[in-house]
Amino acid sequence: MALQRLDNQSARRLFLDRHALLEQPAGPAKGADLLALIQRLGFVQLDSINTVARAHDVILYSRRPGYRAKHLKQLYERDRGLFEHWTHDAAMIPMVFYPHWHLRFQRDTGLLRKRWRNWRRDGFEAQFETVLNHVRDHGPVSSSDLGKDEKKSSGGWWDWHPSKTALEYLWRSGALTVVGREGFQKRYDLTERVIEEHLRPSTSCDATATINWLCSAAMDRLGFATSGELASFWDTASPAEAKVWCAEQLRQGELEEIEILQADGKLRKVFARPGTVEAGAELGPAPGRMRVLSPFDPALRDRKRAERLFGFHYRIEVFTPAPKRRYGYYVFPLLEGTRLVGRIDMKADRDAGVLRVTAVWPERDVKWSLPRTKRLEAELDRVARFTGLSKVSFADGWLR
């Protein structure tokens, strides 16, 4: 029996709909409304780079133009609607999901201890009790409050003293919770003082129930996926566990196999909930407005998936030496309708109050017309206002 097939445009619309990018960018962007958006996405990745605005702020702004950074800070630090931990990277996660992180804490407890020993993080385990006692007696701390006399490592981003490593380990394994940031430096407190008791880890963890939630929640947010894509969404369930889950859901009739037509014309077999093909075909068109996306946008996090679905090859070049970069240090993808039409290299000149555009690279199959330039200019004006800048400036020869 032939599998049902979702054409490429319908697959794009379905995927964008699950990521809140199919509708017009509008609506309330604070408090319960902001929390609902983050729950819909699953999480918002954190990143410290601030060439224009930080990744988490760009992600939320691109969907709700009324959003401002203070709204996330209030939801996180004052309302405790979010907690900070890891998916595939550091992220803001809805607090109601906290019980599903017990398995992550349990697995990181052994994994990180072994990994950090191998990375010669000598002395961090001996600091556990000292660090916990200090936090218990003095309240929330940052890494700069501890280990002032301790020797750091030999440099680089992994320049941590033993107490800093202990703080991170105790956070990753669930004993501590990050309660906020000063600048971009984390502040840690005891989990029992921050997380409500009914959400906190118990002595045991139901791994089967957690894996079921992780895979099901990932499917809801992806629309269709292979078992490997489900595993990588939260990065807690293993590929083998996700494969077993898919097989069982398929047997029960909760999932079915369908085919997705990729951007290159090839077919890819994936899992989806029954009715997904019909739902994808019924979705309306995407708004024509151009949007600047963060390089870490949830819709682009899986670079290979984005390339298969949109034909858009993207790699971050932050760690690429300048002479070897193809585009730039931190280049933003441009979304228009259901197409990723190009990428833009720009930076906020905060002293001058100017958003400076260095270059725009259209995709090979995109004709860069005057109306498209007008849509870009309108979007950049909005981005400038969002970042507190007064105007936009284009470098000579900006259109590449």
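The values are calculated or read from the model by the stated rules, or taken from the named source; none is laboratory data. Keep in mind that what you see is a predicted model, and the values were worked out from it rather than measured. Here the Cβ is made from the backbone with ideal geometry for all residues, glycine too, and neighbour counts use every protein chain on show. Heads up: the accessible areas ignore ligands, DNA and RNA and are worked out on the full protein's heavy atoms, side chains in. Shrake-Rupley method; radii C 1.70, N 1.55, O 1.52, S 1.80 Å.
Over region 286-373, average the accessible area per residue using a 1.4 Å probe and give it in Å², no decimals.
On the way: 3890 Å² over 88 residues.
With the other protein chains kept in place, region 286-373 gives 44 Å² per residue.
Find how much the distance from Arg315 to Gln4 grows on full extension, using 0.36 nm per residue of separation minus their present alpha carbon separation; answer in nm with one decimal. Present the calculation step by step, with values, prior to reporting the outcome.
On the way: separation 311, 0.36 × 311 = 111.96 nm, distance 3.23 nm.
Extending this stretch completely gives an extra 108.7 nm.
For a quick protection proxy, order the peptides 225-231, 66-72 by their average other-Cβ count within 10 Å, most packed first.
Details: 225-231: 21.0, 66-72: 17.7.
Highest-to-lowest ranking by the protection proxy: 225-231, 66-72.
Taking only C-alpha pairs under 8 Å that are 6+ residues apart, what is the relative contact order of region 255-400 in percent?
Working: 215 pairs, mean separation 26.3, N = 146.
Contact order relative to length: 18 percent.
Answer with one residue from Gly342, Leu355, Ala299: the one whose Cα lies farthest towards the positive end of the charge dipole of region 298-356, charges on Cβ with Lys, Arg +1 and Asp, Glu -1.
Selected residue: Ala299.
Given a Förster radius of 41 Å and the C-beta distance between Ala378 and Val244 as r, what FRET efficiency does 1/(1 + (r/R0)^6) yield to the nearest 0.05? Provide the component values of the computation, followed by the final result.
Details: r = 49 Å, r/R0 = 1.19.
The calculated FRET efficiency here is 0.25.
Pairs of Cα atoms under 8 Å, at least six residues apart: use those to get the relative contact order of region 295-344, whole percent. Please list the in-between numbers first.
Working: 50 pairs, mean separation 13.0, N = 50.
Computed over region 295-344, the figure is 26 percent.
Under a Cβ-only charge scheme (Lys and Arg +1, Asp and Glu -1), can you give me the dipole magnitude of region 151-250 about the Cα centre, in debye to the nearest 20? Before the final figure, lay out the partial values.
Working: 11 positive and 13 negative charges, 112 e Å.
Rounded to the nearest 20 debye, it is 540 debye.
Determine which aspartates and glutamates satisfy two conditions relative to Lys374: a Cα distance under 18 Å, and not lying fewer than 8 residues away in the same chain.
Those aspartates and glutamates meeting the cut-off are Glu336, Asp345, Glu363, Asp396.
Compute the relative contact order of the chain as a whole-number percentage, counting only Cα pairs closer than 8 Å that sit 6 or more residues apart in sequence.
Details: 644 pairs, mean separation 70.7, N = 400.
Relative contact order for the chain comes out at 18 percent.
Do the alpha carbons of any pairs in Lys73/Lys391; Lys70/Lys391; Lys243/Lys269; Lys30/Lys347 sit beyond 20 Å of each other, and which pairs?
Details: Lys73/Lys391 26 Å; Lys70/Lys391 22 Å; Lys243/Lys269 14 Å; Lys30/Lys347 26 Å.
In this structure, Lys73/Lys391; Lys70/Lys391; Lys30/Lys347 exceed 20 Å between Cα atoms.
How would Phe319, Phe296, Phe312 rank on accessible area, largest to smallest, probe 1.4 Å? Intermediate results must be reported in sequence, preceding the final value.
Working: Phe319 190, Phe296 35, Phe312 5 Å².
Output order, biggest surface exposure first: Phe319, Phe296, Phe312.
Which of the peptides 249-257, 164-172 is most tightly packed, and how do the rest follow, going by the mean number of other Cβ atoms within 10 Å of each residue? Mind dumping the intermediate values first?
Numbers: 249-257: 14.0, 164-172: 23.0.
In descending order of packing, they fall as 164-172, 249-257.
Under a straight-distance cross-link criterion of Cα-Cα below 12 Å, which aspartates and glutamates are reachable from Lys186, leaving out those fewer than 8 residues away in the same chain?
Output for Lys186: Glu77, Glu84, Asp145, Glu168.
So if R0 is 22 Å, what FRET efficiency would Trp368 and Ala322 give, r being the distance between their Cβ atoms, rounded to the nearest 0.05?
It comes to 0.30.
Report which label in (1) 0.94; (2) 0.98; (3) 1.04 holds the value of Cα Rg over 2.2 N^0.38 Å derived from the coordinates of this structure.
Read-out taken from this structure: (3).
Listed highest first by mean packing, meaning other Cβ atoms within 10 Å per residue, what order do 208-218, 177-187 come in? If you can, show how the numbers build up before the last one.
Values: 208-218: 18.7, 177-187: 15.5.
The most tightly packed comes first, giving 208-218, 177-187.
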